[in-house]
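Accompanying notes for the structure given below.
The values are calculated or read from the model by the stated rules, or taken from the named source; none is laboratory data. Source: prediction; values computed, not measured. Counting neighbours? That spans all protein chains shown, and the Cβs are built from the backbone with ideal geometry, glycine included. Just the protein is used for accessible areas: all its heavy atoms, side chains included, with ligands, DNA and RNA removed. Shrake-Rupley method; radii C 1.70, N 1.55, O 1.52, S 1.80 Å.
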Amino acid sequence: MKVRTRFAPSPTGNVHIGNMRAAIYNWLFARHMGGEFLLRVEDTDIERSTPEAIQTLLDAMDWLGLDVDGEHLYQTTRQQAHLDAAEMLLSKGLAYKEDKGGTGQGECVIFRMPGTDSSFVDGIKGPLSKAAANMQDFVIVRSNGTPVFHLANVLDDIEQGITHVIRGDDHVENTFRHIALYQALGADVPNFAHLPMIVNAQGKPYSKRDGDAFVGDFREKGFLPDALFNYLALLGWSPGDDREIMTREEMVEAFTLARCQSSAAQVDLKKLTWMNGEYMQKLPAAEFEAMASAELRKAGIDADPAYAQKVFGLIRERVKTVADIAPMVGYFFSDDFEYDEKAVRKKLQKDGVADTLAKVKAIFELLATFDEASTDQALHDFVEESGLGFGAVMAPVRLAVSGIQSGPELFPTMEVLGRERVLQRIDRTVELYLT
């Protein structure tokens with residue numbers, strides 16, 4: 001039997017990371033088993049499943065590299081097949097009609113539960129069962145003549161030959177109904193596996209209130225698709241060892257449903273940011289520079305490519321997301337940068353700092369060359385000769401040339417900026433804060 005999984009979202013706009021994690025697990029399982037991964041767009045909510053919403057879904061899948069086997073199936077194209085199946089169930093006495101909305105509101109089609117206990121072995125949760133007394137008949141066609149999710153979902157899985165249904169555990173109760181429908185329709189029952197929900201720090205379902213929750217949010221914030229894919233794959237699954245940074249190939253090779261956890265998975269955005277930073281470090285230099293240059297253009301910074309390349313080399317190890325780049329390098333491209341006012345009060349506006357900066361400026365003016373090695377040696381000599389603490393010299397100089405307390409190493413930063421700009425910035429700082 002060839003394994004076939006599917007992702008069957010109802011696109012309504014933004015794509016939640018919980019839905020995308022389900023897609024990733026279906027993709028990984030299919031690829032691990034040498035099977036097929038299919039897409040079914042459950043677009044029967046006409047008002048919300050707009051062409052724009054569907055395109056947002058497809059873009060998110062394409063960005064994450066979730067390639068699909070075969071053509072996409074749109075559920076709206078199957079409505080007549082759903083209604084025909086409902087008529088067949090009625091003809092066999094496996095369904096009946098009832099006026100659920102009150103006299104004159106129209107009749108619904110109700111599926112008749114078989115009246116027997118139901119059980120199945122969940123690929124993640126293990127054996128699950130439900131007593132017949134706790135399973136009621138349910139609507140499969142509304143009074144307005146449109147099929148309900150239960151009927152459409154089962155029929156489309158049959159049509160697509162789905163062998164494994166991997167979805168969120170909010171569908172466990174639905175699965176007992178669906179098993180009865182499969183049996184009534186004379187179809188093989190697929191294997192089911194229900195993923196635990198994604199939660200926040202309080203154990204509540206993770207939502208936009210807790211932070212970025214949609215794939216588009218992370219894309220806009222500068223996260224890399226491979227990093228988000230890797231993080232979501234590990235949000236409820238483990239390869240069985242200590243690996244955290246994994247290639248697609250490694251994840252496909254290691255993925256099994258048996259290693260998916262049955263308890264809720266908690267989102268940790270700090271860990272995702274760390275992971276994204278690891279991926280950023282692995283980018284080829286040319287790819288990183290292209291991304292960084294694009295960020296500068298978005299920020300309205302017209303940079304000389306050769307100069308920008310030097311700047312990117314200084315900040316690369318500190319970058320966690322693509323969106324970090326432009327804010328991190330602003331002072332390299334504009335002399336009219338803002339200062340960290342708290343740092344100014346703490347490190348600059350102190351007795352003796354104006355004199356210290358004046359002496360540093362004089363030292364820099366006399367250097368034969370102005371590069372990392374010469375400025376490093378000159379300031380270390382000055383610290384030793386003056387008896388001032390290292391921080392009492394370096395902190396004011398860093399603030400003067402960049403406006404911030406942290407950043408790439410000071411001496412290579414000054415080399416990239418050049419002597420003239422460094423001296424001008426020392427003068428500007430003294431004029432603004434120390435006169």
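From the list Ala286, Ala292, Ala323, pick out the single residue that is open to solvent by less than 30 Å² (accessible area, probe 1.4 Å) and either assigned to a helix (DSSP H, G or I) or touching a residue at least 12 places away in the same chain (Cβ under 8 Å) (or both). Explain how you work it out, then say what you get.
On the way: Ala286 fails: open to solvent by less than 30 Å² (accessible area, probe 1.4 Å); Ala323 fails: open to solvent by less than 30 Å² (accessible area, probe 1.4 Å).
Matching residue, one of Ala286, Ala292, Ala323: Ala292.
Considering Asp210, Asp242, which residue is farther than 25 Å from Phe37 by Cβ, open to solvent by 10 Å² or more (accessible area, probe 1.4 Å), under 16 Å from the mean Cα position of the chain (by Cα) and at pLDDT below 95?
Asp210
Please give the helices (runs of 4 or more DSSP H) falling wholly within region 381-435 in which 2 or more residues are open to solvent by 60 Å² or more (accessible area, probe 1.4 Å). Write out each step before concluding.
Values: elements: 390-402, 410-417, 419-433.
Passing ranges, in order: 419-433.
Yes/no matrix, rows are residues, columns are (1) over 30 Å from Leu83 (Cβ atoms); (2) part of a helix (DSSP H, G or I); (3) out of contact with any helix residue (DSSP H, G or I) (no Cβ under 6 Å at 6 or more places or on another chain):
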| position | (1), (2), (3) |
| --- | --- |
| Asp170 | no, yes, yes |
| Arg177 | no, yes, no |
| Val189 | no, no, no |
| Arg209 | yes, yes, yes |
| Phe229 | yes, yes, yes |
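Taking region 10-36 only, how many residues are outside any helix (DSSP H, G or I) and crowded, with 22+ Cβ neighbours inside 10 Å?
Residues flagged as outside any helix (DSSP H, G or I) and crowded, with 22+ Cβ neighbours inside 10 Å within region 10-36 amount to 2.
Answer with yes or no whether Asp351 is among the charged types (D, E, K, R) and either modelled with pLDDT of 95 or more or under 25 Å from Asp302 (Cα atoms) (or both).
When the stated conditions are applied, Asp351 does not pass them.
Report, by residue number, each residue of region 242-282 that is touching a helix residue (DSSP H, G or I) at 6+ places or on another chain (Cβ under 6 Å) and of a type in the set (Ser, Thr, Tyr).
Tyr279
Do we have Ala86 as surrounded by fewer than 19 Cβ atoms within 10 Å (Cβ to Cβ) and modelled with pLDDT of 95 or more here?
When the stated conditions are applied, Ala86 does not pass them.
Which of the residues belonging to region 149-163 are assigned to a loop (DSSP other than H, G, I, E, B) and either touching a helix residue (DSSP H, G or I) at 6+ places or on another chain (Cβ under 9 Å) or open to solvent by less than 20 Å² (accessible area, probe 1.4 Å) (or both)? So that I can check it myself, show each step before the final result.
Let us first name the residues in region 149-163 that are assigned to a loop (DSSP other than H, G, I, E, B), namely 161-163.
Ile162, Thr163, listed by residue number.
With the structure loaded, tell me whether Val121 is open to solvent by less than 30 Å² (accessible area, probe 1.4 Å), assigned to a strand (DSSP E or B) and more than 19 Å from Glu42 (Cα to Cα) or whether it fails that test.
Taking the combined requirement at face value, the residue does not satisfy it.
Name the residue, out of Val215, Val199, that is modelled with pLDDT under 95 and open to solvent by less than 20 Å² (accessible area, probe 1.4 Å).
Val199
Can you tell me which residue among Arg112, Arg142 is touching a helix residue (DSSP H, G or I) at 6+ places or on another chain (Cβ under 9 Å) and under 22 Å from Ala81 (Cβ atoms)?
Criteria check complete, one pass: Arg112.
Return the residues of region 126-141 that are out of contact with any strand residue (DSSP E or B) (no Cβ under 6 Å at 6 or more places or on another chain) and either at positive phi or part of a loop (DSSP other than H, G, I, E, B) (or both); say none if nothing qualifies.
Answer for region 126-141, where residues must be out of contact with any strand residue (DSSP E or B) (no Cβ under 6 Å at 6 or more places or on another chain) and either at positive phi or part of a loop (DSSP other than H, G, I, E, B) (or both): Gly126, Ala131, Met135, Gln136.
Determine if region 309-318 includes at least one residue that is within 21 Å of the chain's Cα centre (by Cα) and either of a type outside the set (Gly, Ala, Ser) or surrounded by fewer than 16 Cβ atoms within 10 Å (Cβ to Cβ) (or both). Spell out how you get there, then give the answer.
Of region 309-318, the ones within 21 Å of the chain's Cα centre (by Cα) are 318.
If we keep only those that are either of a type outside the set (Gly, Ala, Ser) or surrounded by fewer than 16 Cβ atoms within 10 Å (Cβ to Cβ) (or both) as well, we get 318.
Yes.
Return the residue satisfying two criteria in turn: it lies in region 47-56 and is part of a loop (DSSP other than H, G, I, E, B) and out of contact with any helix residue (DSSP H, G or I) (no Cβ under 9 Å at 6 or more places or on another chain), and of such residues it is surrounded by the fewest Cβ atoms within 10 Å (Cβ to Cβ).
Looking at the filtered set, the residue picked out is Glu47.
Taking only pairs six or more apart or across chains, which ones have beta-carbon atoms under 8 Å, a first residue in region 404-417 that is closer than 13 Å to Ile315 by Cβ, and a second residue that is hydroxyl-bearing (Ser, Thr, Tyr)?
The qualifying pairs are Ile404/Tyr331; Ile404/Tyr339; Gly407/Thr413; Thr413/Ser402; Val416/Tyr307.
Residues that are open to solvent by less than 60 Å² (accessible area, probe 1.4 Å), touching a helix residue (DSSP H, G or I) at 6+ places or on another chain (Cβ under 7 Å) and charged (D, E, K, R): does region 326-344 have at least one?
For region 326-344, residues open to solvent by less than 60 Å² (accessible area, probe 1.4 Å), touching a helix residue (DSSP H, G or I) at 6+ places or on another chain (Cβ under 7 Å) and charged (D, E, K, R): absent.
Before we move on, is Gln136 under 38 Å from the mean Cα position of the chain (by Cα), exposed (fewer than 11 other Cβ atoms within 10 Å of the Cβ) and more than 18 Å from Val189 (Cβ to Cβ)?
No, not satisfied.
For region 57-111, give me each residue that is over 38 Å from the mean Cα position of the chain (by Cα), hydroxyl-bearing (Ser, Thr, Tyr) and either part of a loop (DSSP other than H, G, I, E, B) or under 19 Å from Phe149 (Cβ atoms) (or both).
Of everything in region 57-111, just one residue is over 38 Å from the mean Cα position of the chain (by Cα), hydroxyl-bearing (Ser, Thr, Tyr) and either part of a loop (DSSP other than H, G, I, E, B) or under 19 Å from Phe149 (Cβ atoms) (or both), namely Thr103.
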